[in-house]
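Student: Below are the structure tokens for one structure; questions will follow.
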Amino acid sequence: MLKKIGFFLTLLVGLFIFFFYFALYPKLPIGTGYAAKKMCSCHFIAGRTQESIQKEDLANSPLDLTSTKIDEEGKKVTTTILGMGAKTAIYKENLGCVLLQGEDDYQVKLDLPKGRKNGAAIWPLGEKVTTQKVKGVDYNALERAVNSMFDPSLEMDSLKTRAVVVIYKDTLIAEKYAKGFDKDTEILGWSMNKSITGTLVGMLVKDGKMDITDDHLFEEWTDERSKITMNDLLQMQSGLRFEENYTKISDVTKMLFLEEDIVAEVVKNPLETAIGKKWVYSSGTTNLIAGVVRNEFDTQEAYLKFPYERLFRKIGMHSMIWETDESGNYIGSSYGYATPRDWAKFGLLYLKEGNWYGEQIIDTAWVNFVRQPAEHSGGIYGGHFWQNHNHAAYKDAPSDLYSCNGFEGQYVFIIPSKDLVIVRMGLNQKIDFNSFLRDVIAATGG
């Protein structure tokens, strides 16, 4: 009997070891890479404590098993799971946190003068928020709508909303933050950054350096992929293979957490379907666009400065930190930190059809382009912005609504017909956003 028990125990241990090393162990660097990057950025960019980041941002399994050491002097973070799969992210001035794949082989740096905030001017041109009421707004109803996004105690409980900002007629009319967050807290936008990447293309189109009909985008594409146009990439209809699955080792997890050069990795992917015939959401596609943008510049420094000098500083997004991979590619699909107010400025730029108080940052034609749905998207996606054509996403919101959307419920809603920009940031996207949008619209005069 004891021999049988011993046999079965040995078998179970053997099966566990087999499962661990062949199913779980290969995933460890992805989990630790995610955690190291998140801990580093939230701590060194947003100034949050290790305890709050671990409790809120890394609370889900298996991230709750991570153990992190923060080197304050060296400005780096190292994360392991049960002492294994160590990954390190290092903070660099103006570049945020870079996830290293071993040593820092590329030594990328960015010297950038500090942006100048205007403390005296009224938002969005400055930091002051007017106390003057906007005519036609039901502020009591607006307060109720905003409060509906938060748990009553403002703790990060079920709704997990961190911030809501409402802009109406160029005026900040409402904002609210969860405990531990405020108007100066930089928050990760996740895939809202895709819309910024698309906007860089819009600026290069305005400069005459690029066109959405451009093909032969990479010298490596000497086969059928050479026919892929910038329009195909912007509308996520390139036909390229890319698996957007964060629960396993996939194209997206390898790209974000295991590669020094994310563009070089995705360029290798073959065609899976005919070009322009199928809509497939792909973070790899956005990073290919960032790679095409990079190729427009003679130096890495010029490329790295471009979004700051031509976009962020122009519209007063002084808090924005746009992060790179180890080789210096902007991770345009995912990694940019800014305050909710500054995310709202990006939405306001589009609401104002690309004109920032007298300066045309992007052409109105570009704004119209990004709002047109991709042919095979079912009306939900355009030129790197999400759409509400025929009320496909939000039945009680106007059909002209379009938005920047990010993982875990990051949103910049732009509603031209209502003169509204609404920002919501948090850790939960399973919320009734339709009712929230309906109530905010009603409070501002419907």
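The values are calculated or read from the model by the stated rules, or taken from the named source; none is laboratory data. Computed from a prediction, not measured in an experiment: that's the story for all the values here. Ideal geometry is used to build each Cβ from the backbone, glycine not excepted, and the neighbour counts take in all protein chains shown.
Student: For S334, work out the one condition from (1) surrounded by fewer than 20 Cβ atoms within 10 Å (Cβ to Cβ); (2) assigned to a loop (DSSP other than H, G, I, E, B) it doesn't fulfil.
Tutor: Single failed check for S334: (1).
Student: Quick one: would you say V146 is in contact with a helix residue (DSSP H, G or I) (Cβ under 7 Å, 6 or more places away or on another chain) and either touching a residue at least 12 places away in the same chain (Cβ under 8 Å) or outside any helix (DSSP H, G or I) (or both)? Please lay out each step first, then the result.
Tutor: On the way: in contact with a helix residue (DSSP H, G or I) (Cβ under 7 Å, 6 or more places away or on another chain): no; either touching a residue at least 12 places away in the same chain (Cβ under 8 Å) or outside any helix (DSSP H, G or I) (or both): yes.
Taking the combined requirement at face value, the residue does not satisfy it.
Student: Counting only residues that are farther than 18 Å from D325 by Cα and either in contact (Cβ under 8 Å) with a residue 24 or more places away in the chain or part of a strand (DSSP E or B) (or both), how many does region 66-89 have?
Tutor: Of region 66-89, the ones farther than 18 Å from D325 by Cα are 66-74, 80-85.
Subset that is either in contact (Cβ under 8 Å) with a residue 24 or more places away in the chain or part of a strand (DSSP E or B) (or both): 66-71, 80-81, 84-85.
Of the residues in region 66-89, 10 are farther than 18 Å from D325 by Cα and either in contact (Cβ under 8 Å) with a residue 24 or more places away in the chain or part of a strand (DSSP E or B) (or both).
Student: What number goes with the only condition from (1) surrounded by 17 or more Cβ atoms within 10 Å (Cβ to Cβ); (2) within 21 Å of A374 (Cα to Cα) that L188 does not pass?
Tutor: Condition (2) is where L188 drops out.
Student: Considering K179, K114, K133, K109, which residue is in contact with a His (Cβ under 9 Å, 6 or more places away or on another chain) and in a loop (DSSP other than H, G, I, E, B)? Reasoning before the result, please.
Tutor: On the way: K179 fails: in contact with a His (Cβ under 9 Å, 6 or more places away or on another chain); K133 fails: in contact with a His (Cβ under 9 Å, 6 or more places away or on another chain); K109 fails: in contact with a His (Cβ under 9 Å, 6 or more places away or on another chain).
Answer to the check: K114.
Student: Further question: Could you please find all residues in region 360-412 being within 26 Å of I275 (Cα to Cα) and touching a Cys at 6+ places or on another chain (Cβ under 8 Å)?
Tutor: F385, W386, listed by residue number.
Student: While we're looking at this one, here's another question. Whether any residue in region 45-67 is under 25 Å from the mean Cα position of the chain (by Cα), closer than 27 Å to T299 by Cα and not assigned by TED's automatic domain parsing to the domain that holds F257 is what I want to check.
Tutor: Yes, region 45-67 contains at least one residue that is under 25 Å from the mean Cα position of the chain (by Cα), closer than 27 Å to T299 by Cα and not assigned by TED's automatic domain parsing to the domain that holds F257.
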